[in-house]
1. Compute all pairwise cysteine Cβ distances in the chain, then list the cysteines with no distance under 4.7 Å to another cysteine.
2. Hey, what's the Cα Rg ratio for segment 8-61 versus the globular rule of thumb, 2.2 N^0.38 Å?
3. Once the other residues with Cβ under 11 Å from the Cβ of residue 20 are scored (Lys, Arg +1; Asp, Glu -1), what is the net sum?
4. Using DSSP to call loops (not H, G, I, E or B), can you name the trypsin sites (Lys or Arg not before Pro) in the chain whose Cβ has at most 10 other Cβ atoms within 10 angstrom?
5. With contacts defined as alpha carbon pairs under 8 Å and 6 or more residues apart, what's the relative contact order of segment 8-61 in percent?
Amino acid sequence: MDKASDEVGEMDVADEFRVCPGCEYQRGFHVSFVKPAEKTDALRLVLICPGCGDRFDIGKSI
Ligand SMILES: [Zn+2]
């Protein structure tokens, strides 16, 4: 299995972000929670494509 990419692309989400723009995988994404560099309790939500491993930041934190 390939190592997932460490690069994170930023995406604007219209109504739904389900299809990977890199490989066109259509069944949604895995999620990862990333601790940001700045001091905060919030975690950044990153989507990971199960098909190609590309990572996407949709600008949301939890
Ligand atoms: Zn993909």
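Each value in this text was obtained by applying a stated rule to the coordinates, not by laboratory testing. All values derive from a computational prediction rather than experimental measurement. Cβ: placed from backbone, ideal geometry, glycine included. Neighbour counts: every protein chain shown.
1. Cysteines lacking a close Cβ partner in the chain: none.
2. Values: Rg = 11.5 Å, N = 54, 2.2 N^0.38 = 10.0 Å.
Against the empirical 2.2 N^0.38 Å value, I get 1.15 for segment 8-61.
3. Values: positive: 18, 27, 55; negative: 24, 54.
Taking every other residue near residue 20 into account, the sum is +1.
4. Numbers: sites: 3, 18, 27, 39, 44, 55, 60; in loops: 3, 18, 27, 39.
Passing both the DSSP loop test and the Cβ count: 3, 27, 39.
5. On the way: 93 pairs, mean separation 20.9, N = 54.
Reported relative contact order: 39 percent.
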